[in-house]
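Written out below as structure tokens is the structure these notes cover.
Read-outs throughout are calculated quantities, based only on the coordinates presented, and are distinct from any laboratory measurement. Fair warning: this is a prediction, and the values are worked out from it, not measured in the lab. Cβ placement follows ideal geometry from the backbone for every residue including glycine, while neighbour counts extend to all protein chains displayed.
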Amino acid sequence: MKASQFFISTLKEAPADAEVVSHQLMMRAGMIKRLGAGIYNYMPMGLRVIRKVEAIIRDEMNRAGAVELLMPVVQPAELWQETGRFDKMGPELMRVKDRHDRDFIIQPTSEEVVTDIARQELRSYKQLPKNFYHIQTKFRDERRPRFGIMRGREFTMKDAYSFDRDAAGAAKSYEQMFAAYKRIFDRFGLTYRAVAADTGAIGGDLSHEFQVIAQTGEDAIIYCPTSDYAANIELAEAVAPATPRGPATQALVKTPTPGKSTCADVAALLGLDLKQTVKSLVLATDELDERGVVVKTTVWLLLVRGDHDMNEVKVGKLDGLKNGFRFATVPEIEAHFGCKPGYLGPIGLLQPVKIVADRTVAQMSDFVCGANAWDHHYTGANWGRDLPEPDLVADIRNVVEGDPSPDGKGVLAIERGIEVGHVFYLGTKYSKAMNATFLDETGKPALMEMGCYGIGVTRILGAAIEQNHDARGIIWPASIAPFQVAICPIGYDRSAEVKAAADALHAELLALGVDAILDDRGERPGAMFADWELIGVPQRVVLSDRGLKEGLVEVQGRREAEASKLALAEVAAAVK
Ligand code: ATP
Ligand code: MG
Ligand code: MG
Ligand code: MG
């Protein structure tokens, strides 16, 4: 490829809305171009990286025995109604209508469609196990699209779905995918960690996320450096600030009227108008992921009047709320926050709760809560947290660095990560909802056991850059770089010797299968070098009249401080 034929468009400055370095550098390197919130053009330079990521994924998925197909982006709502997700999923699911007023969705994931294929095509135990995958455009109407293509609304995902005869078979499929994921992320050349992930109540009990370690990651991972224990604390979408999960109480504030705290006191403290505030309500919402799995249960406490007997607040009701809410009882909430029974008193929050679209509770950042030890209120309560799950996740609540690891093999450390992959054992959740059965050896119908496995193809680019960059730009791992080598002749348009040597080297590298680009644009050396450093090509070869007189060229790795002088004939071996 010659640079003049290709498309190179670099910028000195990143746009102001690019908060993280990967977003800034991808924009500056001309890899992506914004079209709308969370919607990007993948420009030629960026698309080359995406294609390389996809090629590695395909290679390893095929090696692991998965079969590629392609399922539609626009899917009929009927299938999503079968599993209930058409109604259950929140506004992240993009619903559209066709000209006949029929409902469709733009797929955020494809469990329904693949299960529909399986129930029609996989009729006998002899056809199992089977793993179908595709690499396809996804759309999720994210609440906060940001960080460029790391949290886009339209993005590319590889999603695979396994079908097995029984749970043991499904566990094996899961293991195979887990191993394939490790090979994939090893080949990407990224530092990552596979961590236990929260599966919620319905999703089965086996789930791991692959997290690329980076300071800017939205997730917090706890791990034990002396064992293989690692788990995700879901901080990304958490409503509370990313402070450590404290107990319910963080800081003590005296109420305005010592001696007796009432709801009115709390309201005064918070500057709320009690009359406008919903009263006597304690509720919990379940947040479902795109699989319909409960990933987070959030306890919402609305301002409760001080004269109200809290223990009477059981299954409350609020006009306008439809199904999908579960109301927590006070004892549950006390247990959640580790309070003594009867301890919870008047409770308030900094902002009144807004109920949006029936089931989304508006974001709130901080809470004040009261206690029956009169005249004490606590601020900074981390209410927006998951209820304990009866497994590992339960153990990671309130964790701080240095706490003993749940496996007893050391102490915990915390680091931040970017979720780039997710493997999930689904059990029969979807096969049951959609009646996906096969005939077993005895001729009886049985439900298929499923698993699903995602990789954020486009997110990988951002994650790779977060982990690999310097002041001059991106430093791509060689396996996914847009080009492996940039050939930079000085005076390509002026010197016949330079042109001949550069053309010959280019042809030689291409013949050897090295993905080399020849910069024939006639840029000044400084500008040319700056471009390739920004774009992050791993190797640069500089040819000049002066060097060629001695038969030498300069080869410099993107991470190296200085170039080495090599004979032209040695270049191919050095950059391969
Ligand atoms: P997150 O917690 O970041 O919202 P998720 O758990 O909702 O991700 P999954 O449903 O597990 O995502 O999807 C599989 C993979 O797709 C994720 O591991 C991630 O790499 C990628 N992905 C999910 N949402 C986005 C997005 N908005 N933009 C880019 N990639 C995404
Ligand atoms: Mg998500
Ligand atoms: Mg997640
Ligand atoms: Mg996930």
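Numbers for the structure displayed
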item: Cα-based shape type of region 481-530, given that a ≥ b ≥ c are square roots of the gyration tensor eigenvalues and the cut on a/c is 1.5; result: oblate
item: Gap separating the Cα centres of region 545-564 and region 83-107, nearest whole Å; result: 58
item: Simple spin-label estimate for LYS576 and THR226 in nanometres, 7 Å along Cα-Cβ; result: 4.6
item: Segment SER124-VAL67, length gained on full extension (0.36 nm per residue, minus Cα span); result: 18.7 nm
item: Projected label distance in nm at ARG524 and ASP407, using a 7 Å step from Cα toward the beta-carbon; result: 5.7
item: Extended-chain gain in nm, criterion 0.36 nm per residue less alpha-carbon gap, GLU78 and THR442; result: 127.8 nm
item: FRET efficiency, 1/(1 + (r/R0)^6) with R0 25 Å, evaluated for ILE39 and ASP103 via beta carbons; result: 0.65
item: Cα-based Rg of region 69-180 normalised by 2.2 N^0.38 Å, two decimals; result: 1.19
item: Distance (nanometres) between label positions extended 7 Å along Cα→Cβ at ALA496 and ARG58; result: 4.4
